[in-house]
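Undergrad: The following block contains the structure, expressed as structure tokens.
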């Protein structure tokens, strides 16, 4: 039978155990510092969406020039109004204020990664109960212990204290980094919302301006129609006196003339409403532009706005860029919530000078110091933190859906505007041919009337057909101008890279 030696481990001394524990603590702390480069939660990846290579309504895309598209109409008054609105519109000013707020929030988020230091000073007057048992001073050196005061029973003294409190939470798992990412993304959202406001304001001003000019042309056409009906009524009245027509025909003509007169005040009221709208859009009182815009001015000629490529919308449309920044912020928020599952370590220090005599407060012997480290690691919270992660995941999913919807809506806006512009141009071309034919017919009727071959009624009827076609042309020219504005807006025109 062979014997095996038995190894006996000697018992560690208390000092050796403490040294080993200290080394373990230092090793753990160093490992924690190595984790400081760890950032939990998903890293943001820009979304990928399928974009068609060309627009269905525009096989030849062309190169879009959209920064100041309104200048292409060649109307100095329109240009002045749009640029005044971009400087003074209250919606844009509100968007600028929100950018300032977002940037301040970004600085707030960034401050969380820095140590926090506060100066503190105090003077405490204290009297010890005559029936108290003296106890040692508390850790802050103020003379207060856990249940009584340091000093002789019945004595009173004053404690002076001046020092600092410092604390620093170590961002081991990237909570603060994710907060800064989210804040920076929300600043981007605010910037793009400001640009979206510029796009909308420029389009609203141009749309209101074109509606005003359309209404003013319609008022001129309605007045011409009213004058024609007056002449026709005079003719019917003369025929009634001669017994050529009955009183019924005369009353019917009076009714038509009154109806035409009633349409004019309504058009003038709509024109005033557009002037009021332009005043507010330019950041002024509603009536401020009544005099400058009162004089009628013809609609400017139509312009072509090349749409570019559909992929340009991802860069050009502010609402798409804003939705993308919302998605980035929602992704960073997930990391903030995930970090709540991990421990939070903070370091604190409180150096101070404490003395019962003001004269000795600055002496070396009055120094006091406390330092520490705290670990906060959630163990049980009823599932609240994990549920919050689910909430943030759901919000990220919503932001991703909103982004895809913004892209599809932008594509639809452009296709719709291109289709309307093309339809307006085609209809306007047909109306122009019809008006030219009606004008020739009116001229022929006038020539024949002067030759005694036709009556004045024939001339007035030919004039009525021409005025009716001109009314339709005015409506269509106005529609073409407004649809061109809608196309420029759909393409994201009206902002510049310098606008922050």
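Undergrad: Taking a quarter of the surface of the Cα convex hull of segment 344-420, what do you get in nm²?
TA: Projected over every direction and averaged, the Cα hull of segment 344-420 covers 12.7 nm².
Undergrad: Let me ask something additional. Sorting check: for 187-196, 260-269, 207-216, which peptide has the highest mean count of neighbouring beta carbons within 10 Å, and how do the rest follow?
TA: Highest to lowest by the protection proxy: 207-216, 187-196, 260-269.
Undergrad: Moving on to the next point. Ranked from highest to lowest mean number of other Cβ atoms within 10 Å per residue, what is the order of the peptides 444-455, 397-408?
TA: Ranked by mean Cβ neighbours within 10 Å, highest first: 397-408, 444-455.
Undergrad: Follow-up. Give the shape of segment 148-285 as rounded, prolate or oblate, defined through the alpha-carbon gyration tensor: a ≥ b ≥ c are the square roots of its eigenvalues, a/c under 1.5 means rounded, and otherwise the shape is prolate if a/b is larger than b/c and oblate if not.
TA: Judged from the Cα gyration tensor, segment 148-285 comes out prolate (a/c at least 1.5, a/b above b/c).
Undergrad: Roughly what angle does helix 247-281 make with the longest principal axis of the chain, taking Cα atoms, 0 to 90 degrees, to the nearest 10?
TA: Between the helix axis and the principal axis of the chain, the angle is about 30 degrees.
Undergrad: Taking Cα atoms, how many degrees apart are the long axis of helix 90-111 and the longest axis of the chain, rounded to 10 and kept between 0 and 90?
TA: Tilt of helix 90-111: around 20 degrees.
Undergrad: Would you please classify the overall shape of segment 282-352 from the alpha carbon gyration tensor, given that a ≥ b ≥ c denote the square roots of the eigenvalues, rounded means a/c under 1.5, and beyond that prolate means a/b larger than b/c while oblate covers the rest?
TA: Because a/c hits 1.5 or more and a/b fails to exceed b/c, segment 282-352 counts as oblate.
Undergrad: Just to confirm my numbers, what's the Cα centroid distance between segment 386-454 and segment 80-135 in Å?
TA: If you average the Cα positions of each part, the centres end up 50 Å apart.
Undergrad: Given an 8 Å cut-off on Cα distances and at least 6 residues of separation, report the relative contact order of segment 234-313 as a percent.
TA: Computed over segment 234-313, the figure is 14 percent.
Undergrad: Sticking with this structure for a sec: Estimate the FRET efficiency between residue 131 and residue 341 by the formula 1/(1 + (r/R0)^6), using the beta-carbon distance for r and 41 Å for R0, to the nearest 0.05.
TA: Once the sixth-power term is evaluated, E becomes 0.20.
Undergrad: How many Å³ per residue does the convex hull of the Cα positions in the chain occupy?
TA: Considering the Cα atoms of the chain, their hull volume per residue is 356 Å³.
Undergrad: For segment 372-500, what does the alpha-carbon gyration tensor say about shape, rounded, prolate or oblate, given a ≥ b ≥ c as the root eigenvalues, a/c under 1.5 as rounded, and a/b over b/c as prolate?
TA: prolate
Undergrad: When only C-alpha pairs under 8 Å and at least 6 residues apart count, what is the relative contact order of the chain, in percent?
TA: Relative contact order of the chain: 24 percent.
Undergrad: If packing is taken as the average number of other Cβ atoms within 10 Å across a peptide's residues, how do 226-233, 171-178 rank, most packed first?
TA: Going by the mean number of other Cβ atoms within 10 Å, highest first, we get 171-178, 226-233.
Undergrad: For residue 461 and residue 57, compute 0.36 nm times the residue count separating them, minus their Cα-Cα distance, and round to one decimal in nm.
TA: Full extension from residue 461 to residue 57 adds 141.4 nm.
Undergrad: Here's something else I'd like to know. Just from its helices, what would the mean residue ellipticity at 222 nm be for the chain, if runs of 4 or more DSSP H residues each count -39500 (n - 2.57) and the sum is divided by every residue, rounded to the nearest 500 deg cm²/dmol?
TA: Helix contribution divided over all residues of the chain: -21000 deg cm²/dmol.
Undergrad: How are the Cα pair distances of segment 178-236 distributed, in percent, across 5 Å bins from 0?
TA: Final binned percentages: 4, 15, 9, 10, 8, 7, 8, 6, 7, 5, 5, 4, 4, 3, 2, 1, 1.
Undergrad: On a 0 to 90 degree scale, rounded to 10, what angle separates helix 14-34 from the longest Cα axis of the chain?
TA: Tilt relative to the chain: about 10 degrees.
Undergrad: Please compute the modelled spin-label separation between residue 111 and residue 408, points set 7 Å along Cα→Cβ, answer in nm with one decimal.
TA: 4.3 nm
No lab work stands behind these numbers, since they all come straight from the coordinates. Computed from a predicted model, the values in this text were never measured in an experiment. Neighbour counts run over all protein chains shown; Cβ positions are idealised from the backbone, glycine included.
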